[in-house]
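Below: the structure, in structure tokens.
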Amino acid sequence: MSKERRIAVVAIGGNSLIKDKEHQTVPDQFATACETCRHIAEMIQQGWDVIITHGNGPQVGFILLRSELARHVLHTVPLDSCGADTQGAIGYMLQQCLYNEFLRRGMKKQAATVVTQVVVDKDDPAFQNPTKPIGPFMTKEEALRRKEEDGWDVMEDAGRGWRRVVPSPIPLEIIELDAIKALVDQGFVVIAVGGGGIPVIRLEDGSLKGVEAVIDKDYASSLLAVGVQADLFLISTAVEKVALNYGKPNQVWLDKMTLEEAKRYYEEGHFPPGSMGPKIKAIIQYLEQGGKEAIITNPENLTRALKGETGTRIVPGS
Ligand code: ADP
Ligand code: MG
């Protein structure tokens, strides 16, 4: 193993915690997380210093549903607290899965989770245009009542019912960045910016305050990858490779894209918002700010993709 440090930010997607609708319980999530952690441990064994980031959409949804169902007996949970709760709970899962995996492999490694706050601009245009649906579905009547009584923004969600929508502002600064760096320097595997981080705004006096918003986990992971000057930004999701004309008869899987190609394909609309779009945009931002290499693949192909055998590799130049 080389002494030279190679830092990878590994962003794990929804499929690393929840396989499908039939496997959503906490024990199910543990089993699924442990599968992904096996592949991450392999990568660490090969000498990578890894920082793991993860999504939390469904988990926040579960907390909000419980909170709603119990609101006649107990206070509800604000969104920033949902973020903190899920960072802790998911961090715990990943820490334990990694602990057991390191034990099995006889590796002297430890993982630690950093509850992470991420600064957004209080004047971000997203606050004027909330678009991210969260929490349980409601009837139209219920939705309009919550708008009236609680000031919620609500929207009809693709014919499936009404939902609360919140802003999804751009992440600007990771408050705990130095803590994350210090842990990585000390050889810890770090779990950070879970769910895109807890969105906070900076007040006039410099103090921080949590806001009712959701940060895209791919954008926050990109910001972190730039912040720690990661050698690799790896996005693990539900597909082995990225495609052009995804899901169409003329679909082509990509082994490699340059930054310029990624930008062009993005402009051409190959990567839809809400799924592949933010990943490609996050990678573009990472590469434009000095990033060296990015890979998109699924958990089971992580180590093969690192060897160049699969996955889609995105590089600054040709
Ligand atoms: P995650 O939870 O990892 O963020 P998302 O569902 O948000 O996952 O995004 C990944 C999904 O994007 C893939 O599983 C795939 O269904 C979809 N997708 C959309 N466009 C493409 C594309 N061009 N190539 C590959 N996958 C795509
Ligand atoms: Mg996503």
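The values are calculated or read from the model by the stated rules, or taken from the named source; none is laboratory data. Since we're looking at a predicted model, the values are computed, not measured. Cβ coordinates were reconstructed from backbone atoms using ideal geometry, including for glycine residues, and neighbour counts include every protein chain displayed. In case anyone asks, the SASA skips ligands and DNA or RNA and just uses the protein heavy atoms, side chains included. Shrake-Rupley method; radii C 1.70, N 1.55, O 1.52, S 1.80 Å.
With springs only between Cα atoms under 10 Å, which of 307, 122, 241 fluctuates most in a Gaussian network model of the chain?
Largest GNM mean-square fluctuation: 307.
Between the stretch 254-284 and the stretch 85-113, what is the C-alpha centre distance in whole Å?
Here the two parts' Cα centres lie 32 Å apart.
Looking at the chain, which Cys residues are left with no other cysteine's beta carbon under 4.7 Å from theirs?
82, each lacking another Cys Cβ under 4.7 Å.
Could you work out the equivalent-ellipsoid semi-axes for the chain, taking the square root of 5 times each eigenvalue of the Cα gyration tensor, largest first, in whole Å?
Whole-Å semi-axes of the equivalent ellipsoid: 31, 23, 20.
What distance in nm separates the two pseudo spin-label positions at residue 292 and residue 46, each 7 Å out from Cα along the beta-carbon direction?
Going by the 7 Å Cα→Cβ label model, 1.4 nm.
Of 70, 11, 282, which is the most mobile in a GNM of the chain whose springs link Cα atoms less than 10 angstrom apart?
70
If you count only protein heavy atoms and use a 1.4 Å probe, how large is the accessible surface of residue 71, to the nearest 10 Å²?
It works out to around 90 Å².
Looking at the chain as a GNM with Cα springs under 10 Å, which of 72, 39, 23 has the largest mean-square fluctuation?
Checking each option, the largest mean-square fluctuation is seen for 72.
Given the stretch 128-279 reduced to its alpha-carbon atoms as identical point scatterers, what log10 I(q)/I(0) does the Debye formula return at q = 0.11, 0.19 Å⁻¹?
-0.63, -1.22
Just from its helices, what would the mean residue ellipticity at 222 nm be for the chain, if runs of 4 or more DSSP H residues each count -39500 (n - 2.57) and the sum is divided by every residue, rounded to the nearest 500 deg cm²/dmol?
That comes out to -12000 deg cm²/dmol.
Where in the chain lies the longest segment free of GluC sites (Glu not before Pro) that are both loop residues by DSSP (not H, G, I, E, B) and have at most 13 other Cβ atoms within 10 Å?
23-203
Please compute the Cα-Cα pair-distance distribution of the stretch 99-201 with 10 Å bins starting at 0, giving whole percents from short to long.
Per 10 Å bin, starting at 0, the Cα pair percentages come out as 14, 28, 24, 18, 13, 2.
I want the antiparallel fraction of DSSP beta bridges within the chain, as a percent rounded to 5.
Here the antiparallel bridges make up roughly 40 percent for the chain.
Just to check I understand the Karplus step: with θ = phi - 60° and J = 6.51 cos²θ - 1.76 cosθ + 1.60, what whole-Hz values come out for the stretch 8-13, glycine and proline as x?
10, 9, 10, 8, 9, x
Just need the Rg to Rh number for the stretch 40-84, please, alpha carbons only, Kirkwood Rh.
1.30
Any chance you could check the Cα centroid distance between the stretch 121-169 and the stretch 49-81 for me, in angstrom?
Value for the Cα centre distance between the two parts: 16 Å.
Measure up 21/109; 19/217; 109/281; 263/292; 19/281 against 23 Å on the Cα-Cα distance and list the ones that go over.
21/109; 109/281; 19/281
Over the Cα atoms, compute the radius of gyration (one decimal) and Dmax (the largest Cα-Cα distance, rounded to a whole number) for the stretch 21-155, in Å.
Expressed in Å, the Cα Rg and Dmax of the stretch 21-155 come to 18.7, 58.
Report D for the stretch 219-292 in µm² per second (integer): Stokes-Einstein, Kirkwood Rh on Cα pairs, 10 °C, 1.306 mPa s.
124
Tell me, what HN-Hα J-couplings in whole Hz come from the Karplus equation 6.51 cos²θ - 1.76 cosθ + 1.60 at θ = phi - 60° for each residue of the stretch 246-259, using x for Gly and Pro?
With the stated coefficients, the stretch 246-259 comes to 3, x, 9, x, 9, 4, 10, 7, 9, 8, 8, 9, 8, 3 Hz.
Name all residues of the stretch 108-144 having a backbone nitrogen under 17 Å from the label point set 7 Å from the Cα of residue 92 along its Cα→Cβ direction, giving them as ranges.
111-116
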